[in-house]
Structures are given as C-alpha cells and as structure tokens.
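Here's the structure we're looking at; comments come further down.
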Amino acid sequence: MAAAAEAKELNDNSDETDSKKNEILRARNDGMELSKEEKQRLRKEKKQQKKNKKDDKGQPDNGMGKKDKKPLTAPSAQVTTQVQQPVVTQKALSASPVSEAPAPVDRPAKSKAELRAERRARQEADRASKQAKKGESAAQPSVGKTKAPPNELQPVVKRLPEHIQADDPEVVKKLAKKLEKQQIPVRLDYGYKVSLFSHLHQYSRKAPLTQQMSIPSTVIHPSIVRLGLQYSQGIVAGSNARSIALLHAFKQVIRDYSTPPNEELSRDLVNKLKPYISFLNQCRPLSASMGNAIKFIKKEISNIPSQCKEEEAKSRLQASIDNYIEVKINLAAEAITKFAIEKISNDDVILVYGCSSLVNHILCDAFKKERKFRVVVVDSRPRLEGREALRRLVKMGIHCTYVLISAVSYILPEVSKVFLGAHALLANGYVMSRVGTSQIALVAKAYNVPVLVCCETYKFCERVQTDSFVSNELDDPDELTVTRNGRTQLKHWQSFHMLGLLNLVYDVTPPDFVDLVITELGMIPCTSVPVVLRVKNVDQ
Amino acid sequence: MELQAVVMAAGGGSRMMDLTYSIPKPLLPIGNKPLIWYPLSLLERVGFEEVIVITTKEAQKEVQKLLLTETKLKPDIVCVQEDADMGTADALRHIQQKIKTDVLVVSCDLITDAALHEVVDLFRVHNATLSMLMSKAHEFTETVPGQKGKKKAGEQRDFVGVDDSGKRLLFMANEADLDEDLVIRKSIMRRHPRMHIKTGLVDAHLYCLKRSVIDFLAENKSISSIRGELVPCLVRKQFSKFSSLQKNKEEPNQNMKKKDANTNSENHIASADDDLLELALNRSCWNDHRGDMCGAYHGGKLRCYVHIMEEGMCYRVNTLAAYIEANRLASKLFEEPAIHPSAVISERSVVGSDSIIGTYCQIAEKASVKRSTIGASTTIKEKAKITNSIIMNGVTIEEGCNIQGSVICSHATICRGADIKYCLVGNSQRVELAPRTTEEIVPLPFTDPALIYASF
C-alpha cells in the first residue's frame with residue numbers, strides 16, 4: 001500500500017514543474033525524516049488554522065502567505081498581492097500548499113491525496129465551528145473586519161492601502177474605527193491641502209500624537225512612543241536610520257514582553273506589535289525599508305516553534321534582529337562600498353544630493369582608500385539636509401562645493417559622476433528618493449553625466465509607481481515659511497484661502513535616467529530590480 | 001511603566017509662615033480645595049494612575065483622605081519627619097527604593113493648566129536627563145495684607161540661559177549664588193554661540209528626571225535641594241569633560257553583590273542597545289545645531305531641556321501674594337459650580353458671580369460678597385460686606401462687618417461692626433470692635449507684640 005502510494009506520488013510529481021526540487025529535498029530529508037516531519041506538520045497545522053480563518057471570508061485558496069495580506073503592514077502589502085499573484089499561481093499549480101519559508105516539500109510518508117482529504121476535513125470542521133461562533137457574537141476581530149472588504153474585491157479591483165485615501169470619508173472612518181479599537185488616537189490633518197495631493201495626510205509638527213495620549217503611556221510601549229516622536233519631529237530621518245531605530249525599539253519591546261497565560265508567543269507577540277505599527281504609521285508614514293523590516297520580524301516571530309521556552313524565544317528573536325541589521329545594513333554597506341569604489345577614479349568630480357547615509361559612507365571610505373576626488377553637494381529647501389552631508393564630508397577632509405538645487409545646471413558641466421541614494425527601489429525600476437532627485441537625474445542625463453544609484457536590497461519594494469502623485473508623503477507646510485530678521489512673510493498663509501503650501505518629501509525617478517544601481521548583489525541595471533525581488537522571494 | 005509621579009508635600013511654606021503655622025501647606029485652601037488637590041488633579045487629568053506623595057506626619061491623614069475621596073489615583077504616601085529639615089533632593093534619596101523608572105517630580109504648591117506633554121516630549125525625544133517647566137512671571141496686582149508700600153525686588157532673581165531654539169537649557173543660576181558677575185564658561189559659548197538669558201521666569205518646580213539621576217543623588221549626599229543644587233549641577237555637568245553621571249558604568253567589578261546583579265545586566269543590555277541607538281542617530285541626517293563640525297548634541301550624553309510657557313496659568317503658591325492671586329483664578333481650574341448647592345444664601349444678599357462659596361455656608365440677608373472665597377461652614381451675618389477677601393473654614397462674621405482685601409483663617413471670629421482692610425487674621429483669633437484695623441496681621445495665639453505693625 002505504501003509502495004503503491006509512493007509510486008502514485010512519483011507519477012504525480014513527474015508531471016509537475018518542481019519534481020527535481022522535490023527529489024533533491026527528499027534526498028536531503030532521508031536522514032532526518034521524522035523530526036523534520038513533525039516540525040513541518042506543526043507548521044502546516046498552524047498555517048492551516050490561519051488559512052481557515054481567512055477561508056471564512058471567501059478568499060481563494062491559492063496558498064498565499066498570511067502576512068502579505070494584512071493591511072497594517074507596509075503600504076506595498078496590498079499591491080504585493082497583485083504582483084505576486086502570477087508568481088504564486090505557478091506555485092499553486094505544483095499543488096504544494098506552502099508558499100513561503102520552506103520550499104515546497106513533499107512528505108514521503110503520506111500520499112498527496114490522503115493529505116488533501118485530511119486537510120479538507122479539517123477545514124470543514126473549522127469552518128463549521130467558525131460559523132457557529134459567528135452566529136453567537138456579532139463582533140469579530142478588527143483585523144478580520146477591515147480585511148474583509150479589500151480582500152473580497154482583491155481579484156477584481158486594485159485598491160490603494162487605507163491610509164493613502166485621506167479625502168475619502170468612508171476610508172477615514174474605517175481607519176478611525178480601527179485605531180479606536182487599538183486605543184490609538186487619530187492624528188488630525190492640518191491646513192489646506194493642494195488639490196492634487198488631497199488624498200494624502202498632512203500633519204503639523206507642533207501637534208504631536210502624544211497630545212491626545214496619557215503621559216505614562218500604558219497602551220504603547222515607551223520606546224515606541226519615543227520612536228514615534230523622533231520620527232514626527234525629524235530627529236530620526238533617512239531610510240537606514242529609521243529602520244535601525246525601529247528594530248532597536250522592537251528589541252526593547254521583545255525584551256519587556258511576557259507571554260500571557262494560555263497564549264503562544266508566536267501569535268500573541270505579533271498581535272502586540274500591530275497597534276505599535278499603527279501608532280508609528282500615524283506619527284509618520286512607514287517607509288519601504290521599515291515595511292520590509294516589519295515583515296521580517298513578523299515572519300521570525302511566527303516561525304518560533306510553540307515548544308520553545310519564552311527566554312530562549314526572546315533571545316533568538318533578539319539575535320535574529322541583530323543579524324538582520326548586521327547583514328542587510330552594515331555588511332551590505334560594505335559590499336556596496338567595495339563595488340562603488342571601483343567606479344570612482346582619481347580626479348573625479350562627484351555630485352551628491354541631500355544626505356544619504358550610504359553615499360556618505362561610500363565617499364568617506366573612498367577617501368580613506370586614497371582616491372583623489374572632490375565632491376559637489378547639492379541641497380534643497382526646506383530640509384537643507386545637504387548641510388549635514390557637507391559637514392560629514394568636510395570633517396573627513398574631502399574637498400567639497402555646496403550649491404542649492406537651483407544651480408545644478410550651472411555646476412553640472414564640471415561634474416563627472418552623480419551618486420544618489422534611494423529611499424526605495426520600485427518593482428518597475430523606478431527609484432523613489434528625496435524630492436529633487438529626479439530633477440538632478442534629468443539634468444545629468446541632459447549633460448550626459450552618468451547617474452549611479454546606491455541602494456541596499458532590503459529597500460527593494462514590490463510596489464509599482466510611475467508618478468510622484470499617487471503615493472507620497474506631505475510634510476508640515478509651516479516648514480516652508482522662512483523667518484529672516486524677525487519677520488516671517490508667510491506667517492498667515494492660512495488666512496488666504498486660495499493659497500496652499502506643498503511640502504513634498506519623495507519623488508520617483510524613471511529608470512531611463514539611471515545608468516546603474518549598485519547593490520550588495522552587484523551592479524545591476526535599473527530594470528533588473530524585479531529579478532532581484534523574485535530571487536529574494538524564492539530564497540526565503 | 002514609563003514615568004512615576006512624585007509629589008513633594010513636606011515643605012514648610014517658610015515664606016508664608018503666617019498662614020502655615022496652623023495649617024500644613026499642602027492643605028491650605030484655595031478656592032475651597034486644599035492646595036495639594038491641584039497638582040494631583042493635573043496628574044490625574046494627564047493620565048497618571050499612581051502617585052507617590054511625600055508629606056509630613058501632620059498632613060498625612062488629610063492627604064490620604066483626599067486622595068481616596070477626590071481623586072482616582074492610587075496613592076503611596078511616604079512620611080518624613082517635619083523637623084528633619086529635609087530638602088527635596090533628600091526626600092528623593094529617601095524613596096530611592098521605590099523608584100524604578102524615570103520620575104516626574106511635582107511640588108504640591110503648583111497650580112497650572114500647562115500641557116504636560118510638552119515637557120515630557122522633550123524628555124523623551126532627546127533622551128534628556130532633565131526636563132523642566134517654566135513660565136513667564138505675572139505681576140501680582142492685589143495688595144497683600146501686612147505689607148507696606150510696593151513690593152521690593154528683594155526676591156532673588158533667577159538667570160536662565162537657553163539656546164536659540166528656546167528649548168535647551170544652557171545656564172541656570174540664582175542671584176544669591178553669584179557674587180557680582182555672571183560667569184559663563186567658554187565651553188558653553190563655543191558650542192552655543194547664541195544664548196538668550198532670561199530673568200522674568202517662574203520655575204514651576206516640575207521636573208522629569210532620569211532614573212540615573214536618583215542613583216547620582218544617592219552617591220552625592222551633599223545635594224539636598226532639587227531646585228537650588230541639583231538642577232544647576234546637572235546644567236553645569238552638560239558641558240563638563242566627564243559628562244556622564246556614572247563614571248564607572250562599564251566596570252562590572254564594582255557591583256558583584258547579588259542585589260545589583262540584575263541592574264548590572266540591565267546596564268549591559270542598556271549599553272548594547274545604546275550602541276544600536278547611536279548607530280541609528282549616526283545614520284540620521286539631523287543635527288540640533290549648525291555651523292560647527294560637531295554631530296548632534298555635540299556628542300554630549302547629558303542634556304537638560306526646558307519648556308517655557310508663554311500663555312496659560314502657572315503659579316507657585318509659596319508666598320502670601322501668590323496665595324491671594326491663586327484664589328482669584330482657582331475657579332477657572334475646576335468645573336464645579338462656584339456656589340456650592342448646600343450653602344444657604346438668603347435672598348436679599350448679594351453674591352457676586354466671581355465668588356466661591358463653600359459647603360454649608362450661611363449668608364444672611366443684606367450681606368454682600370464680592371470677588372471673595374468663602375470657606376466651608378462659614379457664617380456671615382446681616383449687613384456684612386466682604387470684598388476681595390479670602391475667608392477660610394468655620395469663620396463667623398458678625399453683623400455689619402466690613403472686610404476688604406483680607407485673609408481670615410479658619411475658625412476666626414470677627415465681631416460686629418469691625419472694619420478690616422488688608423489684614424490677615426490668624427487661626428481661631430477673635431477680632432474685637434475697638435479700633436479700625438488696617439494693614440495689620442492679627443498675631444498668633446502666643447502673642448508676640450513685635451509682629452503687629454499697624455499703620456494708622
């Protein structure tokens with residue numbers, strides 16, 4: 001019987017695309033069948049339970065990972081599901097139930113058909129019990145409720161994530177309800193918004209979220225409150241800095257966490273992190289790098305086996321966070337520096353824009369390795385981040401010139417290369433970076449100056465964007481007003497009802513203007529970003 | 001838990017002994033509520049659930065009763081001896097064991113409607129060691145009983161130096177501590193070339209202190225007052241070369257005892273985490289100043305911040321003038337009706353809308369009460385005229401009295417026909433008819449003639 005089942009299995013597998021993979025994996029598995037089996041079974045059971053919860057909402061059973069769907073994670077989440085659909089349906093064809101973490105592994109012991117039957121039976125049982133529960137209580141977990149409407153329409157209509165529809169009263173109401181359930185105050189929009197960007201939120205720096213919260217914060221962990229304040233006041237700014245600070249805060253949260261009785265750490269901790277993420281989102285919209293970091297942490301937490309003791313689990317999580325920072329940020333920076341230094345030759349004039357931690361690191365390292373070059377730092381209002389870049393470079397001893405962005409076409413004939421940092425690299429090859437970057441790239445293209453973008457792979461994002469309007473961030477409009485000699489000309493800008501101040505933070509640069517992207521995987525053209533993303537997903 | 005609140009209610013009220021000889025300062029009535037109710041209600045409004053109150057044995061019972069009945073805070077009352085002459089820093093050292101996190105110290109005589117989150121946000125955002133609240137001082141316009149002529153500028157001034165943004169505290173000194181000149185160190189000027197020195201500020205005595213400051217206090221037993229010694233010391237330490245409170249933070253050999261093992265491991269954890277925080281701040285493109293080659297905060301670990309209130313109410317009731325002023329404005333701070341429903345007010349009396357009438361008062365016919373605060377169980381007989389005064393509990397005012405701009409303490413009796421202007425009548429005193437008393441302080445039970453200075 002077993003032999004027949006195995007033979008049937010083999011026949012089934014031979015028709016499928018990943019048969020070779022299965023063989024390799026089976027060979028590997030032979031030595032450690034039982035224990036791994038048990039682990040996989042546990043994991044699959046967990047995933048079944050989570051999937052069953054979603055099945056009740058009428059989701060197509062295509063084996064999608066649960067984390068990708070939650071609207072609380074990075075804004076790319078919703079779009080993620082769209083782009084990943086073609087990739088995932090391929091996997092579904094191979095009839096393996098698992099989409100993420102371990103590559104689809106066949107259990108040599110039971111046959112596929114038997115497994116499917118078991119699973120279906122379990123699902124029916126769970127569905128029946130869920131229906132009974134539904135009939136009893138009208139209230140459902142908030143995640144379920146807010147997930148339901150977008151997920152229903154998923155295969156048909158592409159919808160923007162909730163928080164990027166500030167002018168749609170229904171979406172605003174839904175968001176307010178969700179925040180209320182998590183006991184987080186809603187941050188109110190401030191000032192008149194320019195009509196093209198009225199779908200984005202615009203907050204004032206002088207009205208922090210802590211105004212509406214109790215002072216010894218009980219709902220939100222103190223380190224997260226501090227982080228939120230630092231984000232909203234711009235003290236921690238820059239993609240890398242924000243991610244590192246976020247992971248640092250999460251380390252403290254994990255350290256102070258204790259599992260309540262009758263709960264599993266892997267599930268409860270993820271639920272605890274959700275209100276924190278909403279809070280941080282209210283303070284300042286999450287960046288793509290932060291979104292990826294959050295996805296990573298959530299995955300790590302859910303992968304903790306249930307029999308793991310709390311202390312061990314916590315130390316494991318801390319170690320994995322440290323490892324993430326070390327590998328994805330620090331070592332990646334080293335690798336990128338190595339590649340980039342090859343591109344810097346003696347007597348180069350390098351143009352940089354704003355303050356990118358990675359580009360500064362590259363230039364400082366190149367200078368230490370005795371390359372002779374000089375730098376032109378281009379800056380723009382209102383943030384004037386270039387001053388900080390200028391300070392760091394001059395402190396190293398590099399010869400620098402400082403201009404404002406309005407002079408870039410004047411200075412470009414002298415420049416031999418342009419190094420730009422990125423906030424995120426989108427799946428269609430567009431580079432999302434500080435507002436003004438696309439202008440620099442455009443002018444550089446006009447002058448035939450090569451543009452090199454330096455970006456770590458953890459900032460790659462599955463979102464697709466072709467303009468800077470749909471998804472952006474609006475900063476405090478009062479930052480645009482200038483006080484000179486005690487007089488502020490635009491002090492009463494709000495009283496002119498036809499006047500709007502627009503303080504954009506990001507813009508997207510098309511791949512035609514970018515000549516090379518330097519990542520830790522190598523130097524790739526802009527259009528190869530989706531390939532990297534695909535490779536990354538398969539690896540995981 | 002992020003912050004613990006500590007209310008300092010053990011002070012003697014040395015600048016208004018006439019009022020505080022019989023009633024402990026925290027229980028002085030302001031708008032018919034004891035003084036300590038105001039900071040406690042501020043803490044409760046802001047969201048605190050527990051509070052540590054340091055008070056004297058005298059006041060302990062009353063304070064406990066108050067905490068249990070009027071507020072929802074969970075109290076933890078610590079008694080100190082009244083004659084031990086404990087400064088506020090000594091008191092903090094006394095409760096060192098109770099303090100597990102950063103602490104918010106409030107004085108019991110603070111009446112304010114400030115937005116506390118401004119102070120605490122500065123504390124959180126910049127990872128500050130000290131964050132405090134100050135306010136622009138208001139001139140007291142009311143005439144104070146017992147004072148002749150205008151108030152001299154005898155109150156020692158405070159010199160407060162802040163940087164350009166108005167938030168970072170660079171310099172703090174009291175006139176009493178300075179000889180003739182104001183000395184500002186070069187290290188401060190080098191780092192902050194623009195400093196604004198202000199003198200017209202009132203220190204609200206509301207401090208957010210880091211946990212490590214309490215440990216620092218435990219090591220330096222000579223510091224006895226927060227306001228007078230600790231704060232200037234911390235402000236100076238910002239710019240000293242060894243700018244960290246614990247010099248031996250990294251030496252594990254020092255604390256080998258079991259008790260300290262936990263804190264030691266916490267230190268290690270804290271220092272490892274601090275590295276990560278440093279890394280984040282290094283990558284961030286933010287700086288708190290510009291123009292020199294230094295990074296954010298000039299690399300200093302100790303930072304002191306101040307939030308200066310431009311508008312709003314902020315009073316420290318530690319002098320008689322402040323006490324009177326506070327009584328005027330106290331009614332703005334709570335929503336109870338000015339006239340207590342249990343008071344019996346006869347119809348033909350005139351009670352102004354800006355007066356506060358306490359519980360079980362009896363105001364007879366043709367009495368007139370304007371701009372005054374009347375305490376509980378006070379009896380005001382016919383034709384008495386009370387203007388601009390503060391009457392405490394249990395006072396009897398006989399017919400035809402005329403009281404103007406005065407403070408009458410508890411259980412006093414003013415006999416009929418007395419005409420009292422700008423006086424302070426002590427506890428349980430009796431004022432007879434005879435002379436027109438003006439600008440007098442009717443003395444304490446053990447009569448000390450030297451205290452009577454009348455001017456006719």
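Values quoted throughout were computed directly from the atomic coordinates according to the rules given, and no laboratory measurement underlies them. Bear in mind the structure is a predicted one, so any value in this text is a computation, not a measurement. Every residue, glycine as well, gets a Cβ built from its backbone with ideal geometry; the counts of neighbours run over all protein chains shown.
Brief remarks on what is shown
- Subset of A:Lys298/B:Lys74; B:Lys57/B:Lys98; A:Lys395/A:Lys445; A:Lys46/A:Lys314 violating a 27 Å alpha-carbon distance limit: A:Lys298/B:Lys74; A:Lys395/A:Lys445
- Sparsely packed trypsin sites (Lys or Arg not before Pro) within segment B:309-380, loop by DSSP, other Cβ within 10 Å at most 14: B:Arg348
- Whether segment A:456-502 is rounded, prolate or oblate, judged on the alpha carbon gyration tensor where a/c under 1.5 counts as rounded: oblate
- Pairs from the table (B:Lys33/B:Lys381; A:Lys193/A:Lys459; A:Lys178/A:Lys206; A:Lys50/A:Lys536; A:Lys295/A:Lys328) lying more than 21 angstrom apart at Cα are B:Lys33/B:Lys381; A:Lys193/A:Lys459; A:Lys178/A:Lys206; A:Lys50/A:Lys536.
- Segment B:296-353 - Kirkwood radius from inverse mean 1/r over Cα pairs (Å): 16.2 Å
- Segment A:452-494 and segment A:348-423: distance between their alpha carbon centers, rounded to Å: 20 Å
- Maximal additional length on extending the B:Glu311-B:Glu70 stretch stands at 83.9 nm, based on 0.36 nm per residue less the C-alpha distance.
- Measuring nothing but alpha carbons in segment A:465-540 and taking Rh as the Kirkwood radius, the Rg to Rh ratio lands at 1.23.
- Simple spin-label estimate for B:Val78 and B:Leu329 gives 3.1 nm between the two label positions (7 Å along the Cα-to-Cβ direction from each Cα).
- DSSP-loop chymotrypsin sites (Phe, Trp or Tyr not before Pro) across segment B:283-325, with at most 13 other Cβ within 10 angstrom: none
- Spatially, segment B:160-200 and segment B:96-115 are offset by 25 Å when compared through their Cα centroids.
- Principal axis box of segment A:253-345, alpha-carbon based, largest edge first, Å: 62, 32, 19
- Where the Cα pairs of segment A:409-481 fall when distances are cut into 5 Å bins, in %: 3, 14, 22, 20, 18, 14, 9, 1
- Computed from backbone phi, the HN-Hα couplings of segment B:17-29 come to 4, 4, 8, 8, 5, 9, 10, x, 3, x, 9, 4, x Hz, rounded to whole numbers (Karplus: 6.51 cos²θ - 1.76 cosθ + 1.60, θ = phi - 60°; Gly and Pro given as x).
- Cα gyration tensor shape for segment A:420-524, rounded if a/c is under 1.5, else prolate or oblate: prolate
- Taking a point 7 Å from the Cα of B:Glu336 along the Cα-to-Cβ direction, the residues of segment B:376-399 with backbone N closer than 15 Å to it are B:376-378, B:392-394.
- Residue order, fewest to most surrounding Cβ atoms within 10 angstrom, among B:His205, B:His94: B:His94, B:His205
- Proximal charge balance of A:Tyr506 [Cβ under 11 Å; K/R count +1, D/E count -1]: -2
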